[in-house]
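For reference, the structure discussed in these notes is given below.
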Amino acid sequence: MTTILLVDDHKLVRQAVKRALTDNGYDVVGEGGDGEEGVRLVNELNPNIVMLDITMPVMDGIAALKIIKSSHPDTRVIMLTMHGESAVVNQAINSGASAFMTKDSPMAEVIDIVHKVAQGELISPSIAKQMLDTGTSLTPGPHELPEAESGILTKRETEILQLIADGRSTNDVGNDLFISVKTVKNHLASIYDKLDARDRTQAVLLGLRTGIIEIR
(Lines give C-alpha, C1' and ligand atoms only; values in the text may rest on other atoms or scores of the structure.)
Protein backbone atom coordinates (compact mmCIF):
# COMPACT_ATOMS: atom_id res chain seq x y z
CA MET A 1 0.00 0.00 0.00
CA THR A 2 1.23 3.48 -0.88
CA THR A 3 1.99 5.52 2.25
CA ILE A 4 1.47 9.29 2.28
CA LEU A 5 2.51 12.12 4.59
CA LEU A 6 0.47 15.35 4.54
CA VAL A 7 2.29 18.59 5.41
CA ASP A 8 0.13 21.72 5.39
CA ASP A 9 -0.47 24.39 8.02
CA HIS A 10 -4.21 24.44 7.23
CA LYS A 11 -5.86 21.69 9.25
CA LEU A 12 -9.13 21.62 7.31
CA VAL A 13 -7.26 21.07 4.05
CA ARG A 14 -5.38 18.17 5.62
CA GLN A 15 -8.61 16.65 6.93
CA ALA A 16 -10.35 16.83 3.57
CA VAL A 17 -7.39 15.43 1.64
CA LYS A 18 -6.83 12.67 4.21
CA ARG A 19 -10.47 11.58 3.99
CA ALA A 20 -10.31 11.42 0.19
CA LEU A 21 -7.04 9.49 0.24
CA THR A 22 -8.12 6.92 2.82
CA ASP A 23 -11.44 6.43 1.02
CA ASN A 24 -9.42 5.52 -2.06
CA GLY A 25 -7.17 3.00 -0.38
CA TYR A 26 -4.12 5.12 0.51
CA ASP A 27 -2.46 4.96 3.92
CA VAL A 28 -1.96 8.44 5.42
CA VAL A 29 0.79 7.71 7.94
CA GLY A 30 1.20 11.20 9.38
CA GLU A 31 0.41 14.91 9.27
CA GLY A 32 2.57 17.98 9.82
CA GLY A 33 1.84 21.67 10.11
CA ASP A 34 5.13 23.22 8.94
CA GLY A 35 8.14 22.37 6.83
CA GLU A 36 10.43 21.57 9.73
CA GLU A 37 7.91 19.11 11.17
CA GLY A 38 7.47 17.64 7.70
CA VAL A 39 11.20 16.92 7.38
CA ARG A 40 11.22 15.28 10.79
CA LEU A 41 8.21 13.10 9.96
CA VAL A 42 9.73 12.00 6.66
CA ASN A 43 12.81 10.83 8.55
CA GLU A 44 10.63 8.98 11.07
CA LEU A 45 7.97 7.51 8.78
CA ASN A 46 9.72 7.19 5.40
CA PRO A 47 6.51 7.61 3.36
CA ASN A 48 6.29 6.84 -0.36
CA ILE A 49 4.72 10.22 -1.12
CA VAL A 50 4.77 13.59 0.65
CA MET A 51 2.08 16.17 -0.10
CA LEU A 52 3.86 19.38 0.82
CA ASP A 53 2.44 22.90 1.08
CA ILE A 54 4.64 25.64 -0.39
CA THR A 55 3.73 28.46 2.02
CA MET A 56 4.16 27.40 5.65
CA PRO A 57 5.57 28.81 8.91
CA VAL A 58 8.96 27.85 10.43
CA MET A 59 10.24 26.35 7.15
CA ASP A 60 8.61 26.82 3.75
CA GLY A 61 7.85 23.98 1.37
CA ILE A 62 10.69 24.65 -1.05
CA ALA A 63 13.31 24.48 1.70
CA ALA A 64 11.68 21.33 3.11
CA LEU A 65 11.54 19.78 -0.38
CA LYS A 66 15.28 20.24 -0.88
CA ILE A 67 16.09 18.60 2.46
CA ILE A 68 13.66 15.73 1.88
CA LYS A 69 14.98 14.96 -1.60
CA SER A 70 18.60 15.14 -0.47
CA SER A 71 18.09 12.57 2.29
CA HIS A 72 15.25 10.54 0.72
CA PRO A 73 15.75 10.75 -3.05
CA ASP A 74 13.17 8.03 -3.77
CA THR A 75 10.40 9.84 -1.88
CA ARG A 76 7.99 11.49 -4.32
CA VAL A 77 6.78 14.97 -3.43
CA ILE A 78 3.57 16.65 -4.56
CA MET A 79 3.59 20.39 -3.96
CA LEU A 80 0.38 22.06 -2.75
CA THR A 81 -0.10 25.68 -3.70
CA MET A 82 -2.56 28.51 -4.08
CA HIS A 83 -2.94 30.43 -7.33
CA GLY A 84 -0.35 33.09 -8.11
CA GLU A 85 2.73 31.19 -6.93
CA SER A 86 3.98 30.20 -10.40
CA ALA A 87 7.36 31.84 -9.74
CA VAL A 88 8.34 28.88 -7.58
CA VAL A 89 7.35 26.16 -10.07
CA ASN A 90 10.71 25.83 -11.82
CA GLN A 91 12.59 26.06 -8.53
CA ALA A 92 10.52 23.25 -7.03
CA ILE A 93 10.75 21.05 -10.12
CA ASN A 94 14.51 21.54 -10.23
CA SER A 95 14.58 20.50 -6.56
CA GLY A 96 12.80 17.24 -7.32
CA ALA A 97 9.04 17.81 -7.04
CA SER A 98 6.99 15.23 -8.93
CA ALA A 99 3.78 17.24 -9.31
CA PHE A 100 1.82 20.34 -8.37
CA MET A 101 -1.81 20.79 -7.42
CA THR A 102 -3.80 23.74 -6.16
CA LYS A 103 -5.46 23.46 -2.76
CA ASP A 104 -8.89 24.03 -4.25
CA SER A 105 -8.54 21.21 -6.78
CA PRO A 106 -11.51 18.81 -6.92
CA MET A 107 -10.89 15.68 -4.87
CA ALA A 108 -11.22 13.52 -7.97
CA GLU A 109 -8.26 15.42 -9.41
CA VAL A 110 -6.26 15.05 -6.18
CA ILE A 111 -6.70 11.28 -6.28
CA ASP A 112 -5.85 11.17 -9.99
CA ILE A 113 -2.57 13.04 -9.46
CA VAL A 114 -1.63 10.97 -6.41
CA HIS A 115 -2.29 7.79 -8.39
CA LYS A 116 -0.09 8.99 -11.27
CA VAL A 117 2.74 9.99 -8.93
CA ALA A 118 2.47 6.66 -7.09
CA GLN A 119 2.97 4.98 -10.47
CA GLY A 120 6.11 7.02 -11.05
CA GLU A 121 4.68 9.63 -13.41
CA LEU A 122 5.60 13.31 -13.32
CA ILE A 123 3.29 16.24 -13.93
CA SER A 124 5.15 18.23 -16.55
CA PRO A 125 6.43 21.75 -15.74
CA SER A 126 4.39 23.27 -18.60
CA ILE A 127 1.15 21.79 -17.29
CA ALA A 128 1.98 22.85 -13.74
CA LYS A 129 2.74 26.40 -14.82
CA GLN A 130 -0.42 26.63 -16.92
CA MET A 131 -2.47 25.43 -13.95
CA LEU A 132 -0.94 28.03 -11.63
CA ASP A 133 -1.14 30.90 -14.13
CA THR A 134 -4.74 30.33 -15.15
CA GLY A 135 -6.25 28.69 -12.09
CA THR A 136 -7.53 25.81 -14.20
CA SER A 137 -7.56 22.13 -13.28
CA LEU A 138 -5.02 19.64 -14.51
CA THR A 139 -7.75 17.22 -15.53
CA PRO A 140 -10.94 19.16 -16.23
CA GLY A 141 -14.04 17.12 -16.77
CA PRO A 142 -17.27 15.92 -15.16
CA HIS A 143 -15.81 16.11 -11.65
CA GLU A 144 -15.45 19.88 -11.87
CA LEU A 145 -17.74 21.87 -9.62
CA PRO A 146 -19.80 24.66 -11.12
CA GLU A 147 -18.77 28.18 -10.33
CA ALA A 148 -20.80 29.68 -7.50
CA GLU A 149 -23.43 32.21 -8.43
CA SER A 150 -22.73 35.68 -7.13
CA GLY A 151 -24.41 36.09 -3.78
CA ILE A 152 -25.14 32.39 -3.22
CA LEU A 153 -24.26 33.04 0.44
CA THR A 154 -25.21 36.10 2.42
CA LYS A 155 -22.46 38.45 3.59
CA ARG A 156 -22.76 37.04 7.13
CA GLU A 157 -22.66 33.43 5.90
CA THR A 158 -19.57 34.16 3.82
CA GLU A 159 -17.96 35.79 6.84
CA ILE A 160 -18.70 32.75 8.99
CA LEU A 161 -17.47 30.28 6.39
CA GLN A 162 -14.24 32.26 6.02
CA LEU A 163 -13.67 32.16 9.78
CA ILE A 164 -14.28 28.40 9.78
CA ALA A 165 -11.74 28.09 6.95
CA ASP A 166 -9.32 30.09 9.11
CA GLY A 167 -9.60 27.36 11.74
CA ARG A 168 -11.96 29.08 14.16
CA SER A 169 -14.34 26.92 16.22
CA THR A 170 -18.08 27.54 16.46
CA ASN A 171 -17.58 29.23 19.83
CA ASP A 172 -14.72 31.32 18.43
CA VAL A 173 -16.87 32.49 15.52
CA GLY A 174 -19.63 33.53 17.92
CA ASN A 175 -17.16 35.50 20.02
CA ASP A 176 -15.51 37.08 16.97
CA LEU A 177 -18.84 38.24 15.52
CA PHE A 178 -20.60 38.95 18.83
CA ILE A 179 -23.40 36.50 18.09
CA SER A 180 -24.61 33.42 19.94
CA VAL A 181 -23.40 29.91 19.24
CA LYS A 182 -26.96 29.00 18.27
CA THR A 183 -26.96 31.75 15.65
CA VAL A 184 -23.65 30.51 14.28
CA LYS A 185 -25.07 26.98 14.02
CA ASN A 186 -28.16 28.29 12.25
CA HIS A 187 -25.97 30.09 9.73
CA LEU A 188 -23.87 26.95 9.24
CA ALA A 189 -26.99 24.90 8.56
CA SER A 190 -27.98 27.43 5.90
CA ILE A 191 -24.48 27.32 4.39
CA TYR A 192 -24.55 23.51 4.21
CA ASP A 193 -27.94 23.61 2.54
CA LYS A 194 -26.95 26.24 -0.05
CA LEU A 195 -23.65 24.53 -0.89
CA ASP A 196 -25.09 21.01 -0.66
CA ALA A 197 -22.35 20.15 1.85
CA ARG A 198 -22.57 17.44 4.49
CA ASP A 199 -20.25 19.11 7.03
CA ARG A 200 -17.97 22.09 7.63
CA THR A 201 -14.96 20.48 5.95
CA GLN A 202 -16.85 19.90 2.73
CA ALA A 203 -18.40 23.38 2.94
CA VAL A 204 -14.94 24.95 3.23
CA LEU A 205 -13.59 22.96 0.28
CA LEU A 206 -16.61 23.88 -1.84
CA GLY A 207 -16.24 27.50 -0.77
CA LEU A 208 -12.59 27.47 -1.83
CA ARG A 209 -13.30 25.71 -5.10
CA THR A 210 -15.99 28.19 -6.11
CA GLY A 211 -14.10 31.25 -4.94
CA ILE A 212 -16.48 32.28 -2.15
CA ILE A 213 -13.65 32.21 0.41
CA GLU A 214 -9.88 31.87 0.36
CA ILE A 215 -7.10 30.36 2.43
CA ARG A 216 -5.39 33.16 4.34
So which of Thr55, Thr22 is among the polar types (S, T, N, Q), part of a helix (DSSP H, G or I) and surrounded by fewer than 21 Cβ atoms within 10 Å (Cβ to Cβ)? Thr22
Counting only residues that are surrounded by fewer than 21 Cβ atoms within 10 Å (Cβ to Cβ) and either among the hydrophobic types (A, V, I, L, M, F, W, C) or modelled with pLDDT of 80 or more (or both), which one in region 84-97 is farthest from Lys69 (Cα to Cα)? Ala87
For region 30-48, enumerate the residues that are crowded, with 17+ Cβ neighbours inside 10 Å and either touching a residue at least 40 places away in the same chain (Cβ under 8 Å) or not charged (D, E, K, R) (or both). Gly30, Gly32, Gly33, Gly35, Gly38, Val39, Leu41, Val42, Pro47, Asn48
Search region 204-215 for residues being assigned to a loop (DSSP other than H, G, I, E, B) and more than 14 Å from Thr102 (Cα to Cα), and hand back the single one that is nearest to the chain's Cα centre (by Cα). Ile213
Residue set Arg168, Arg209; condition touching a Pro at 6+ places or on another chain (Cβ under 9 Å), within 18 Å of Asp8 (Cα to Cα) and not small (Gly, Ala, Ser); output residue Arg209
Determine, yes or no, whether Thr201 is surrounded by 15 or more Cβ atoms within 10 Å (Cβ to Cβ), without any contact (Cβ under 8 Å) to a residue 60 or more places away in the chain and in a helix (DSSP H, G or I). no
For region 19-28, indicate whether the set of residues that are among the polar types (S, T, N, Q) and in contact (Cβ under 8 Å) with a residue 60 or more places away in the chain is non-empty. yes
In region 6-15, which residues are within 8 Å of the chain's Cα centre (by Cα), at pLDDT below 90 and more than 16 Å from Ile213 (Cα to Cα)? Arg14
So which pairs qualify, if the first residue must be in region 49-69 and closer than 10 Å to Val7 by Cα, the second must be assigned to a loop (DSSP other than H, G, I, E, B) and among the hydrophobic types (A, V, I, L, M, F, W, C), the Cβ gap must be under 6 Å, and the two must be at least 6 apart or on different chains? Gly61/Ile54
Mind checking whether some residue in region 112-124 is at pLDDT 50 or above and over 22 Å from His72 (Cα atoms)? yes
Candidates Lys194, Lys185, filtered to the one that is assigned to a helix (DSSP H, G or I) and closer than 25 Å to Met107 by Cβ: Lys194
With the condition kept exactly as written, say whether any residue in region 37-48 is of a type outside the set (Val, Ile, Thr), at positive phi and either assigned to a helix (DSSP H, G or I) or more than 15 Å from the chain's Cα centre (by Cα) (or both). yes
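The values are calculated or read from the model by the stated rules, or taken from the named source; none is laboratory data. These numbers come from a predicted model, not from an experiment. All Cβ positions, even for glycine, are placed from backbone atoms using ideal geometry, and neighbour counts span all protein chains on display.
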